[in-house]
Amino acid sequence: MSALLPVYRRSNIIMSRGEGVYLFSPEGKRYLDFASGIAVNALGHCHPHVVAALKNQAELLWHCSNMYQVPGLNRMAERLVEVSFADKVFFCNSGGEAVECGLKMIRKYHDATGHPERYRVITMEGGFHGRTLACISAGGNDIARKGYEPLMDGFDRAEFNNLASVEAAIGPETAAILVEPIQGEGGVNVATREFLHGLRSLSDRHGLLLFLDEVQCGMGRTGALFAHEQAEAKPDIVSSAKGIGNGFPLAACLTTDAVASAMTPGSHGSTYGSNPLAMAVGNAVLDVMLAPGFFAHVGQIGSYLKAGLEKLVQRFPDQFAEVRGTGLMLGLKTRKPHYEFVDQLRAAGLLTAPAENQVIRIVPPLIIEPSHVDEALEILQVTAKKWS
Ligand code: PLP
């Protein structure tokens, strides 16, 4: 009997070591990791520059609380501000916390600007924002919500990529719109450029804040620091996690001066948020990601992988329906329940991440090379042939 809370469908495989785009079991079996711990290990496993930064910091200082300045803190925030829409950053430890911070700022902002009645947030069908009570109330995943009722009040549901549906949900108490530019857990559903632009216009017209959850699709995954940059749709708040720490628990909520001006000392916080270890890792990740050519590489290798997956779909039309996504946030939609195929891929040495609606997420480290893509496509083909 396991002593663990039974909340995961955990396989019996032990992963004991990671190097670049590969994971290894204690017996030495090698797995090509095209799941990246669910879009987390953007720089692959044990990236030497990040490991060195963490080791170095581990010998200096781990924690001293947010009562003090720590090395790397201002630098990390300033770097994010310099390369994004944001003026201010709050650091925390997980995607759910970053979303919570955004949701709290929405209420604070409207309260401070004379509209405390505005507290409702329009969220999308198929959306996923984390596991806290507010996050599951905002999210559209029924399994995550079941049995936790009554959920938090203040969320209204609209249809993803349907502007009219969002407009119809706006009322006098609406405070904000929350959307993932690419829904990850929901099945790699990409928001259209028109939809994101339309949300910006609706927000401006109705005095709402536009909150983009980029926990999964951000930090380089689509070939830009944030996915919304490619759609040129400016947000008021962005939540970021996963790739920002490359596996170290680090997350951030970014916002504008206008929203941040509502926040005062004591109005939000986190014991571990922005601790020196996290800042050392975060800065090391940025060193690599912000180097010239990094995002262009993601775009190029993403196109190469997508083209290969499209050929696979053509070759196996009874198994696969389509390829979705952009950059290295790709989804392969299957024609039948996909868990079995994901297991077969893993047995063959390729890790992928199942999402909802029979979509297999293919979210490799952003540092993959064409040889890794070829290796993954070969395993996909051989396994598909047997999956009749
Ligand atoms: N938001 C999105 C878009 C996510 O994909 C996730 C996790 O998958 C979260 C929030 C929650 O992040 P975490 O599990 O780090 O709390």
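What follows draws every value from the coordinates through simple rules; no lab data is involved. The shown structure was predicted, so the numbers you read here are calculated from the model rather than taken from an experiment. Neighbour counts run over all protein chains shown; Cβ positions are idealised from the backbone, glycine included.
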Test: residue in region 23-36 that is free of Cβ contacts under 8 Å to residues at least 60 places away in the same chain and among the small types (Gly, Ala, Ser):
yes
Tell me, yes or no, whether region 224-244 has at least one residue that is part of a loop (DSSP other than H, G, I, E, B), under 28 Å from VAL51 (Cβ atoms) and more than 13 Å from the ligand (Cβ to nearest atom).
yes
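Do you know which residues across region 245-264 are in a loop (DSSP other than H, G, I, E, B) and either away from the ligand (no atom under 14 Å from the Cβ) or out of contact with any Gly (no Cβ under 9 Å at 6 or more places or on another chain) (or both)?
Taking region 245-264 and keeping what is in a loop (DSSP other than H, G, I, E, B), we get 245, 247, 249-250, 256, 261-264.
If the condition is that a residue be in a loop (DSSP other than H, G, I, E, B) and either away from the ligand (no atom under 14 Å from the Cβ) or out of contact with any Gly (no Cβ under 9 Å at 6 or more places or on another chain) (or both), then PRO249, THR256, SER261, ALA262, MET263, THR264 are the ones that fit.
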Given the conditions (1) free of Cβ contacts under 8 Å to residues at least 24 places away in the same chain; (2) buried (at least 21 other Cβ atoms within 10 Å of the Cβ); (3) closer than 23 Å to SER240 by Cα, and given that HIS338 satisfies all but one, which numbered condition is not satisfied?
(3)
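Looking at region 140-159, which of the residues that are without any contact (Cβ under 8 Å) to a residue 40 or more places away in the chain and of a type in the set (Gly, Ala, Ser) is nearest to TYR119 (Cα to Cα)?
Ranking the qualifying residues of region 140-159, first place goes to GLY154.
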